[in-house]
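The values are calculated or read from the model by the stated rules, or taken from the named source; none is laboratory data. Remember, predicted model here, so these are calculated numbers, not experimental data. Cβ coordinates were reconstructed from backbone atoms using ideal geometry, including for glycine residues, and neighbour counts include every protein chain displayed.
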There are 2 protein chains.
Amino acid sequence: MSDSCIPRATLGRLPMYLTYLQGLKVSDHTTISAAAIARGLNLGEVMVRKDLAAVSGSGRPKVGYVACELICDLQACLEQRSDTKAVLIGAGKLGRALLEFSGFEEYGIQIVAAFDCNDQVLRYSRTSKEILPMREFAKYCLEQQIRIGIITVGAGSAQQVADMMVDAGIRAIWNFAPFDLHLPSDVVLKQENLALSLAHLCNQLK
Amino acid sequence: MSDSCIPRATLGRLPMYLTYLQGLKVSDHTTISAAAIARGLNLGEVMVRKDLAAVSGSGRPKVGYVACELICDLQACLEQRSDTKAVLIGAGKLGRALLEFSGFEEYGIQIVAAFDCNDQVLRYSRTSKEILPMREFAKYCLEQQIRIGIITVGAGSAQQVADMMVDAGIRAIWNFAPFDLHLPSDVVLKQENLALSLAHLCNQLK
C-alpha cells in the first residue's frame with residue numbers, strides 16, 4: 001500500500017468508498033470486487049479499480065478485496081493524516097471562515113490555530129479556536145511541529161508571511177492572497193484564486 | 001475580438017497585462033509588440049502572444065498592437081462583466097466571507113446580495129451588503145436578472161437550493177457544498193472543494 005501523492009480526483013472519492021463499504025455492514029471475511037463497488041456507486045469500473053489499487057495492495061484477481069481490509073486501508077489513508085495540523089495567518093473574514101470550516105476533518109486535517117497582528121481581531125473574534133498574536137507564531141509552529149500553513153492576508157503582506165512560515169518549518173503553503181510567492185524549492189505551494197474561479201465560471205456563461 | 005470562453009489561465013493574466021500597459025503611460029499612437037510585453041513582464045513570448053490574440057484582434061504582424069487599443073480591448077474583456085451580478089445562498093461564515101471579499105471586482109463581478117433562511121443570520125450579521133430572507137429570492141433574481149449563483153449551504157440543502165436557483169433563471173452555479181448537484185444541461189457548474197484542496201496539498205507533502 002502506498003499513498004505517496006494519490007491523485008487529487010482519487011483522494012476526492014475515498015470518503016465515498018469508505019462510507020459505502022461501512023454501509024454494507026460486512027462480516028469479517030466478506031470479499032468485494034472493484035466491479036461490485038463500481039456498480040453499487042454507479043461509477044466506472046476502470047476508475048474504481050485504479051482508485052482502490054492506489055490505496056490498497058490487498059486486492060486479488062477474481063476475488064477482489066476482503067472488505068474489512070479495504071476499509072482499514074481507506075481509513076489508514078484518510079486517517080493517517082488525522083494528526084495533520086495546519087495553521088493560518090490572517091484572521092480576517094475568510095481566515096475565520098476557514099478556521100471554523102468543519103469539512104477538513106473528513107481528511108484528518110485540523111486547522112489548530114490562526115495568527116493575526118491586529119489586536120482588534122485577537123480581542124473580539126468569537127471563534128472556537130485560538131487566534132494568537134503573530135509574535136507567538138514561530139514558537140508555536142516549532143513546538144507543535146506544524147508543516148502546513150494557510151495564508152489569508154492581503155497581497156501586500158503575503159510574501160513576508162510566507163517567509164515567516166518557511167522559517168518556522170512549514171513545508172506546504174495554501175495561499176489565498178493574490179500574490180505570486182517566491183518559495184524554496186522544497187516547499188509545496190497551492191495557489192487559490194477565488195476571484196478567478198468565479199470570473200472563469202462567468203466567462204463560460206457568455 | 002472574441003472573449004467566448006477565454007481559458008482560465010489567460011483570464012488570470014489579463015489584469016496583469018492591463019496594469020502593465022497602463023503603467024507605460026503611452027501616447028495615442030504608440031505601438032507595442034507581444035514580445036516587448038513579454039520581456040517587460042518576464043513571461044514567455046508565445047504565451048503572451050496567444051493571450052493577447054484571445055482578447056484583441058487588433059495586433060498586426062511586425063508592428064504589434066496600438067497600445068491604447070489593446071488597453072481598451074483588455075478593459076472591455078474584463079469590464080464587460082462590470083454589471084455581472086451574482087447572488088449567494090447560505091450566509092454562514094464562508095458565505096459572509098465571500099460576500100465581503102473585494103477581489104471579485106477586478107473581474108467586474110459583484111455579489112449583490114446573500115439569502116438565508118435563518119432569522120438569526122438575517123438579524124445579527126454585520127455586513128455591508130444585504131442579507132435577505134429566502135422567500136424574496138426568486139423575485140429578486142428575476143427582477144435583477146441574476147444569472148450567477150453561489151451555494152454556501154450544507155450538503156443536505158444544496159440540491160434544493162440549486163433547484164431554486166435554476167427556477168429563478170440562474171445559469172451558472174459555483175457550489176461550495178460537498179454535494180454532487182444534478183442540474184439541467186444548460187446550467188454551468190463549478191464545484192469547489194476546499195477540504196479536498198487542502199488534503200491534496202498535505203498529500204503532496206508526504
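Summary table
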read-out: Among (1) in a helix (DSSP H, G or I); (2) surrounded by fewer than 22 Cβ atoms within 10 Å (Cβ to Cβ) - the single one A:R96 does not satisfy; value: (2)
read-out: Residues satisfying the stated conditions in the stretch B:189-200, i.e. farther than 16 Å from A:E105 by Cβ and crowded, with 18+ Cβ neighbours inside 10 Å; value: B:E192
read-out: Any pair with Cβ under 7 angstrom, 6 or more apart, that starts in the stretch A:162-173 at a residue that is on the phi > 0 side of the Ramachandran plot and ends at one that is crowded, with 17+ Cβ neighbours inside 10 Å and of a type outside the set (A, V, I, L, M, F, W, C); value: A:G169/A:R147
read-out: All positions within the stretch A:108-130 that are surrounded by 17 or more Cβ atoms within 10 Å (Cβ to Cβ), more than 14 Å from chain B (Cβ to nearest Cβ) and modelled with pLDDT of 85 or more; value: A:A113, A:F115, A:D116
read-out: Residue in the stretch A:61-70 that is of a type in the set (A, V, I, L, M), surrounded by 21 or more Cβ atoms within 10 Å (Cβ to Cβ) and without any contact (Cβ under 8 Å) to a residue 24 or more places away in the chain present; value: no
read-out: Qualifying residue in the stretch A:132-140 (condition: within 13 Å of chain B (Cβ to nearest Cβ), touching a strand residue (DSSP E or B) at 6+ places or on another chain (Cβ under 7 Å) and aromatic (F, W, Y)); value: no
read-out: Residue count, the stretch B:83-107 (criterion: within 7 Å of another protein chain (Cβ to nearest Cβ) and of a type in the set (S, T, N, Q)); value: 1
read-out: Those residues of the stretch A:135-153 which are out of contact with any helix residue (DSSP H, G or I) (no Cβ under 7 Å at 6 or more places or on another chain) and surrounded by 16 or more Cβ atoms within 10 Å (Cβ to Cβ), in sequence order; value: A:Y140, A:C141, A:I146
read-out: One residue from A:S157, A:S197 being polar (S, T, N, Q) and farther than 30 Å from B:D186 by Cβ; value: A:S157
read-out: Residues satisfying the stated conditions in the stretch B:161-206, i.e. part of a loop (DSSP other than H, G, I, E, B), within 7 Å of another protein chain (Cβ to nearest Cβ) and more than 30 Å from A:A172 (Cβ to Cβ); value: B:R171
